[in-house]
Every structure is written in C-alpha cells, then in structure tokens.
C-alpha cells in the first residue's frame, strides 16, 4: 500500500495556525497595531490579540499591564478580510466593567461589518463564567460571532467537572472551539468533551508569558493532529510559528 505523504510544516502552519499576538521580532511589540497589521497582511486563518480596558475607559490592545493601541484602529485592519480577529477580552478585577467591554466590542464588530469574529474571555477568573453567560445572551442568534473557551481558566473548579460540563452545555450553541494549553496531558478528555457537546474545533495554545524560551516541537503538533482521526473534531493552533521547534 502506498503511504500518504505527511504535509510539510509550512503547509500545516498555513492550514491550521492563527498568528498569536501578531508578527513581531521583540516581545514588547506583541499586540501592537504594527504587529497585527503585519500578521493580517500574511492572510492567516485568524490573528489573535488581547484587549484590555484602559484607565481612560478606552478599549486597547495589550496584555496587562500593557495598554498599546486603540481597539477600534486594530479592528479596522480586518474589514473586508478573510482573516478574522480572535479577540481575547481580559477582564479586570472590578466586576462592573465586563458588560461595558463586551457591549463595546460587539458594537465595534457590528459597525465595521466584520465577517466573522471569535471572542475569548479571560483575565480575572472570578467573573469568567458570568461574563460568558452575559455574552451568550448577546450573541446567541448571531452566527457571525462565536465564543472560544480557554479551558485552563477553569482550573480552580476543575475538581467540580460537572459544573464545567453544565456550563459548556448551556453555551454550546455559541462555542466555536475549546482551547487547552498544548503541554497539558488531557488531550483525550478535552476531545471527548468537545465531541459530547458537538463542538467541532479544538484550538491549542502555548504558554509563553512566564516562560523564558517557550517552544513546542513539531512532533507534538503532529501528535495533536492525530486527534482528528479518533474524534469528530478539527484541530487548530493559536501558536506563533516562531515558537515551533522543527523535527
């Protein structure tokens, strides 16, 4: 029997990867308008970036404590583009701010006519589920906006897995993908959870903010893709390709 040739790493990056926080040569440039523009120009599937609420009550790009460029200027880069924005809303400690962040984000996405938007809600863990439920009420009838769930944000209640399942079941109609950290040893558990609630995609990410030299091997990437053969899901990666260690 003739063996099927494995796709090249470059081919996998084009088909299965978004660009995490843009294209940059220095970590200080992550999430900047310039880094995101460079990424959008390469026409990947998506470009991921973080959004915070600045002290001036303006939505800006940046990973706390960064506050870089205005969100509305960055979002314009995606107008009439196939590449879609993957927006990570970083909640502040103050509970009262998340409705404003969500509503402002949705208003801008709608006013710019963005074809598809994927939203994550992270940051302060106390209000993540509550904020996701609030988003559900806003977008449950809007096919152009979907939710990405970062599973690592539920670590504090992981012992109560039933609570997580109940929450995901409630949100399943707006969930586009589940998003685990790629070096966590629970791939099958996550795939089974996605399949159970008919969530079609898993999008792995790589922990990098507190790691001196973050890397993921090409071998690990290819092993993760093998989940597609076992489960009715698609595998993607929200990992900047510069962090991949080729075989």
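Out of everything in the range 24-38 that is closer than 16 Å to residue 242 by Cα and in contact (Cβ under 8 Å) with a residue 24 or more places away in the chain, what residue ends up being surrounded by the fewest Cβ atoms within 10 Å (Cβ to Cβ)?
My answer is 30.
Which condition from (1) in contact with a helix residue (DSSP H, G or I) (Cβ under 6 Å, 6 or more places away or on another chain); (2) not in a helix (DSSP H, G or I) is the one that residue 203 breaks?
Checking residue 203 against (1) in contact with a helix residue (DSSP H, G or I) (Cβ under 6 Å, 6 or more places away or on another chain); (2) not in a helix (DSSP H, G or I), the one that fails is (1).
Tell me which residues, restricted to the range 200-230, are farther than 17 Å from residue 16 by Cα and either loosely packed, with under 14 Cβ neighbours inside 10 Å or touching a strand residue (DSSP E or B) at 6+ places or on another chain (Cβ under 9 Å) (or both).
Those that are farther than 17 Å from residue 16 by Cα and either loosely packed, with under 14 Cβ neighbours inside 10 Å or touching a strand residue (DSSP E or B) at 6+ places or on another chain (Cβ under 9 Å) (or both): 207, 208, 209, 210, 211, 212, 213, 215, 230.
Out of the range 1-23, which residues are free of Cβ contacts under 8 Å to residues at least 12 places away in the same chain and not in a helix (DSSP H, G or I)?
1, 2, 3, 4, 5, 7, 8
Among residues belonging to the range 39-66 that are surrounded by fewer than 17 Cβ atoms within 10 Å (Cβ to Cβ) and under 16 Å from residue 101 (Cα atoms), point out the one that is modelled with the highest pLDDT.
The extreme case among them is 58.
For residue 43, which of the numbered conditions (1) free of Cβ contacts under 8 Å to residues at least 40 places away in the same chain; (2) assigned to a loop (DSSP other than H, G, I, E, B); (3) over 19 Å from residue 148 (Cβ atoms) fails to hold?
(1)
Any residue at all in the range 219-236 that is out of contact with any helix residue (DSSP H, G or I) (no Cβ under 8 Å at 6 or more places or on another chain) and part of a strand (DSSP E or B)?
no
I'd like the residue in the range 116-129 that is surrounded by fewer than 19 Cβ atoms within 10 Å (Cβ to Cβ) and out of contact with any helix residue (DSSP H, G or I) (no Cβ under 8 Å at 6 or more places or on another chain) and, out of all such residues, is farthest from residue 86 (Cα to Cα).
Only one residue tops the list, namely 124.
So which residues in the range 147-179 are surrounded by 13 or more Cβ atoms within 10 Å (Cβ to Cβ) and not in a helix (DSSP H, G or I), if there are any at all?
If the condition is that a residue be surrounded by 13 or more Cβ atoms within 10 Å (Cβ to Cβ) and not in a helix (DSSP H, G or I), then 147, 148, 149, 150, 172, 173, 174, 175, 176, 177, 178, 179 are the ones that fit.
The values are calculated or read from the model by the stated rules, or taken from the named source; none is laboratory data. No experiment lies behind these values; they were computed from the predicted model shown. All Cβ positions, glycine included, derive from the backbone under ideal geometry; neighbour counts span all protein chains shown.
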